[in-house]
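No lab work stands behind these numbers, since they all come straight from the coordinates. Given the structure is predicted, the values throughout are model-derived calculations rather than measurements. Here the Cβ positions follow ideal geometry from the backbone for every residue, glycine too, while neighbour counts run over all protein chains shown.
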Number of protein chains: 2
Amino acid sequence: MAPPAVRSVLPVVLLGCGGVGRQLLRHIVSCRPLHANQGVAIRVVGVADSSSLLVAEDLHSNGLDDALLSDLCTAKSTGSPLSALLARGQCQLFSNSEARRKVLDTASVLGKTTGLVLVDCSATYDTVSMLKDAVDCGCCVVLANKKPLTCAYKDFEKLVSNFRRIRFESTVGAGLPVIASVTRIIASGDPVSRIVGSLSGTLGYVMSELEDGKRFSEVVKTAKSLGYTEPDPRDDLSGMDVARKALILARLLGQRISMEDINVESLYPSELGPDAMSTKEFLESGLAQLDKSIEERVKSASLKGNVLRYVCKIESTGCQVGIQEVPKNSALGRLRGSDNVVEIYSRCYENAPLVIQGAGAGNDTTAAGVLADIVDLQDLFLKTA
Amino acid sequence: MAPPAVRSVLPVVLLGCGGVGRQLLRHIVSCRPLHANQGVAIRVVGVADSSSLLVAEDLHSNGLDDALLSDLCTAKSTGSPLSALLARGQCQLFSNSEARRKVLDTASVLGKTTGLVLVDCSATYDTVSMLKDAVDCGCCVVLANKKPLTCAYKDFEKLVSNFRRIRFESTVGAGLPVIASVTRIIASGDPVSRIVGSLSGTLGYVMSELEDGKRFSEVVKTAKSLGYTEPDPRDDLSGMDVARKALILARLLGQRISMEDINVESLYPSELGPDAMSTKEFLESGLAQLDKSIEERVKSASLKGNVLRYVCKIESTGCQVGIQEVPKNSALGRLRGSDNVVEIYSRCYENAPLVIQGAGAGNDTTAAGVLADIVDLQDLFLKTA
C-alpha cells in the first residue's frame, strides 16, 4: 500500500550537536518511514555547533540528506569539525559570526513559504538572541536547552509570546510528559496550585542511597563513578540545574519570577565551592566534611518515618529547591534510583495528585522528547496545495 | 491591557448533555477569559441530547450565548427537554430523525469556512455513523464516548484516518494524560512494547479493600453505597468497561483487534448474570456466593507477597483484562482507593516504566480532559484574515 500523502513538511535548523543533538538527528533519520505513514516529513536544512553552521545549499529541496546527517553524527562524535563535511557537497559552511545572520536569513526565506523550526539542543545562553529574532520572523522554537527559558523574564516572555509556536518538554524530566500535561491541565481551566517533584536523577540516586545508611561522600563518589554526575559533582550538588527546571515550571504556571527569586539549598557551603578548591580537592577532602550533618538529618527524618529527598516545590507563595523530609510511603518517598517524579495538584487532582514518574535523563529519552515536540508542531506546517 | 487578538475560533457541536456534557458546557463558559488570553474562542453552535438537537440560528455568529448554555445545563439537570429552551430565541430545534442531517449540514456549511469540532459526550453507539460522515466533511472529532472507538475495526480506522483531527483523551483514565503521552512516545519513534494499567476506579477500590481482609460482597456493597458503582454493580464487575479502554489503547498501538479478541475475566459467572437474576437478587443472594473463591485468591497472593488487582495488559502477543497478582510494592500494588494508574514500557522506559497515576473518573475531570482536547485542535482553526 502506498504511504499517505505528505500533509506537513517541517524544515528544521538544529543548534548544538552534542549527545542530545546527535541522537535527535539519528532519531529523525530512523523515524522517516514512521513519519511518512503519519503524513509528516522533517527536513534538516541546517546544523550548528559552537563554532560554525552547516546549511543546505538549496533550502527548498529536501534539506541535508540522511547519509550526510549520519556522517555528521560520526564526525562530531569523533571530535571532527563540521567543516569536515564540506567535501560531501550539497551544503555551505558559515563561521560563528555569520551563523546568526544566516539562520535568520533562512528563517526569513522559509518563514514566508514553508516556515522553520529552530531546535536548540545546546547548553548555552548564547542562542537566546537568535531565538528571539527567529520568533519575530514567525519561526517555531523547540528547546532541550533550559537556559533560554531561565534568563531574564522579558526574554522568556518574548520566546513564549506565541505559546503554540514553542515547545520545551525536554527541559524538565527529559522525555517525561510533564510540560505537555501541565499545559493540558491549564488549557482546561483547571488551576494548578502546586507542583512537587524530584527532578534530578543524580540527586534522586544520592538521596535514596542515603536511606541504606551509606555515607554521603561514599554515595557521591559512587554516583560519579557510575557516570551519574557531571565531571565536577558540585554542578549537581549546587541544585542549580533543579532550580532551572523549577523556574521553567513556575513560569509555565504564570509566575513572573526569576532565578534570584528561587530559594535554592546547595548541598555544599561556599568554603567547599569551586572558587575555594579544585574538583580533586573537593572529592579528596571537602566532600567528607559534609557526611556528619547529612547523616544527622537522615537519622532525624527516619525517626519520624520520613526520608530525605532533594525536591522542588512550586506554590503560589513561592518556589523552593532543597532537601525536604517526605513520608517514606509517598510517591516521592518511594522513589529509588535515578527516576524522576512529579506530583501535580489542581482542582481535579486536589486530594491525590496527578503523578508522572519515569526516567528523566539520558540522550535517547531527551532526544525522543524533542522529536515528539517537533512532530507536535505539524498542524502549523500543513501543505496548502 | 487589551487581550490578544483571537487567533483560533473553534465552532463546537456537542452530542450528549449528561453529567460530562453539562460540565463541559460549564467549563467552556467559565474558561472564556482564560481562552481569550490564549487567543482562542470556542463557539457552541449546537447541542444534542438523545431526542433532539438545538442549533444556533446564525451559524456564523458567536453561537449559542453563555446565558442560554447555563439555562440549558439547568434545564437538563432538572429533566426538562431541550425544547424548553426554544422560548429564548436564537436557536432552532430538530427532532432526532432530522438531527443527523442538520449536524452534517452544519459541518458542511462551516467546514468550508471555519471548520467544526464534533464533541461526543454521549454513551451510545448511535453516534458512530454521524461521526464518520462528519470526518468525511473534514470535521474534527473529540470523544469522551468510548463506543465509537470500540465498535468494528473499520469504523475505528475511518474515525482516526486523519489522526490529527481526532482526540479521545477522556476515554481512558478521564483527564489523565494517557492517550496524549502514548501518542507522543509513538511519534518520537520509541516503540511501546507494553501497557499495564488499573483503569477502573470502582474495581481499584474493590481490589485494594480486599487486602484488609474484608469480604468481597461487603466491599462491593460499600462501593455501591458510596456511589462508586453503576446502579447494577455487575456493569463494573463484568470488566467490559475496562476491556473497552484496553481496546482503545491496543488500537492506539496499532493492533488491528476487536472486542472479541480481548480475553476478559468477569468477576461473576453467567449463572449470576443479568439474564439469570435481578440486581436486587444479585445483591441479596448472588454476590455472597463469590466471597469464598475471591478470599482464597487474596490469601494465596498474600503468601507470595502479592496483592490482587483488576488489570489490563496490552502486549504485542495479546490483550488481557482480569485479576492479576502483582507485587505489593509495585506501582500497581501500592494503588489505594479509586485512583487509576498506567505503566508504559518502551525502549526509553524499558527497565522502569513511565507511570501516570491519578483520579481517573468524575464528570469534572472527564470534561476537563475533553476541553483540553478541543483547545489542542486550535492550530487547525487558525483565522486566516
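Structure values in brief
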item	result
Cα gyration tensor shape for segment B:59-115, rounded if a/c is under 1.5, else prolate or oblate	oblate
Closest Cβ on chain A to the rotation axis that carries it onto B (distance rounded to whole Å)	A:Asp379, 2
Counting all C-alpha pairs of segment A:259-357, share separated by more than 23 Å (%)	42
Span from the segment A:225-299 Cα centroid across to the segment B:184-230 one, whole angstrom	40
Protection proxy ranking, peptides A:69-77, A:333-341, B:90-98, average beta carbon neighbours within 10 Å, highest first	A:333-341, A:69-77, B:90-98
Other-copy label distances relative to A:Arg336, 7 angstrom Cα-Cβ extension, nm	2.0
Measure of compaction for segment B:188-358 (Cα Rg per 2.2 N^0.38 Å)	1.05
Translational diffusion coefficient (Stokes-Einstein; Kirkwood radius from C-alpha pairs) of the protein assembly as shown at 20 °C, 1.002 mPa s, in µm²/s	77
Other protein chain Cβ atoms within 10 Å, averaged over every residue that makes up A:114-125	0
Among A:Thr229, A:Cys140, A:Val128 - extreme Cα towards positive end, dipole of chain A, charges at beta-carbon	A:Cys140
Under 18 Å from B:Lys158, Cα to Cα: lysines that are on another chain or at least 8 residues apart	B:Lys132, B:Lys146, B:Lys147
Equivalent ellipsoid semi-axes, segment A:1-142, via Cα gyration tensor eigenvalues times 5, rooted, Å	22, 19, 14
Separation between Cα centres of segment B:63-114 and segment B:316-356, rounded to whole Å	42
Dipole magnitude (debye, nearest 20) for segment A:124-241, charges at Cβ of Lys, Arg, Asp, Glu	320
Label distances, nm, B:Arg88 versus same residue in remaining copies, Cβ-directed 7 Å point	6.2
Choice from B:Ala223, B:Ala243, B:Ala144 showing the highest fluctuation, given a GNM over chain B with Cα pairs closer than 10 Å	B:Ala223
Nearest-first distances (nm) between copies at B:Met240, label 7 Å from Cα via Cβ	6.1
Estimated FRET transfer efficiency (A:Glu260, A:Glu350; beta-carbon r; R0 25 Å; 0.05)	0.20
Relative contact order computed over chain B (Cα-Cα under 8 Å; 6+ residues apart), in percent	20
Local electrostatic count at A:Leu69 - Lys and Arg +1, Asp and Glu -1, tallied over other residues with Cβ under 13 Å	+3
Charge context of A:Leu303, other residues only, Cβ under 12 angstrom, K/R +1, D/E -1	+2
Check: segment B:188-358 dipole with +1 on Lys, Arg Cβ and -1 on Asp, Glu Cβ, in debye	500
Inter-chain Cβ neighbour average for residues B:179-187, partner chain, 10 Å	6
Trypsin sites (Lys or Arg not before Pro) within segment A:199-259: DSSP coil, no more than 11 neighbouring Cβ in 10 Å	A:Arg256
Euclidean distance of C-alpha centroids, segment A:27-51 and segment B:4-55, integer Å	37
Sorted peptide list for B:198-208, A:38-48, B:29-39, A:303-313, criterion being average Cβ within 10 angstrom, highest first	B:198-208, A:38-48, A:303-313, B:29-39
Ranked A:Phe163, B:Phe156, B:Phe216, criterion: other C-beta atoms within 10 Å, fewest first	A:Phe163, B:Phe156, B:Phe216
Qualifying GluC sites (Glu not before Pro) in segment B:276-385, DSSP loop, other Cβ atoms within 10 Å at most 16	B:Glu350
Computed label-point distance, nm, for sites B:Ala276 and A:Thr317 using a 7 Å Cα→Cβ extension	5.8
MRE, 222 nm, helices only [DSSP H, n ≥ 4, -39500 (n - 2.57), over chain B, to nearest 500]	-11000 deg cm²/dmol
Descending semi-axes in Å of chain B, equivalent ellipsoid built from Cα gyration tensor	39, 24, 19
Segment A:174-230 - Kirkwood radius from inverse mean 1/r over Cα pairs (Å)	13.7
